[in-house]
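**Student:** For reference, the structure I am asking about is given below.
Every number here is computed from the coordinates shown, using simple stated rules; none is lab data. Values in this document were obtained by computation on a predicted structure and should not be read as measured data. All Cβ positions, even for glycine, are placed from backbone atoms using ideal geometry, and neighbour counts span all protein chains on display.
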Amino acid sequence: MEYLIEYGNIPEIFLIHGELRFAGIVPHAWIEFSEDVIFDGTLQRYYQKACYYSRLLARKLKSYPLEVALRKWTNSGHYGPWADEG
C-alpha cells in the first residue's frame with residue numbers, strides 16, 4: 001500500500017487482490033499500472049503483465065482503483081482482503 005501512496009500520481013494505477021498458484025493457491029496482492037506493467041511489493045520486482053500472469057499463474061479476483069484502495073485501507077486499518085471480497 002505504501003507503493004500506492006508514493007507513486008499514486010501515475011494514472012490508471014490499481015491494487016489487485018488475487019492469488020498465485022505456483023506453490024499451491026496463495027492469496028496475494030500486486031499493483032498494476034499502464035496496460036503492461038506490474039509491481040509485486042512482496043517480491044520487490046517489476047514484471048511485464050503477460051509474463052507475471054503466466055509464470056506465477058496469477059489470478060485476479062478484485063481490482064481497486066487507487067482512490068478506492070486508499071479509502072478501504074484507511075477505513076479498515078488493514079491491506080485487505082476487505083469485506084466486499086466475500
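**Student:** Roughly what would the spin-label model give for Val68 and Leu43, points 7 Å off Cα along C-beta, in nm?
**Tutor:** Once both label points are built, they end up 2.5 nm from each other.
**Student:** Please identify the GluC sites (Glu not before Pro) of segment 24-86 that satisfy two criteria: DSSP loop assignment and at most 11 other Cβ atoms within 10 Å. Which are they?
**Tutor:** Glu35
**Student:** Let me ask something additional. Can you give me the long-range amide H partners of Ile13? Hydrogens built in the peptide plane at 1.01 Å from N, cutoff under 5 Å, separation of 5 or more residues or another chain.
**Tutor:** Leu66
**Student:** On to the next question. For Tyr79, put the label point 7 Å out on the Cα→Cβ axis and report which residues of segment 23-40 keep their amide N under 20 Å from it.
**Tutor:** From segment 23-40, the list is 23-34, 37-40.
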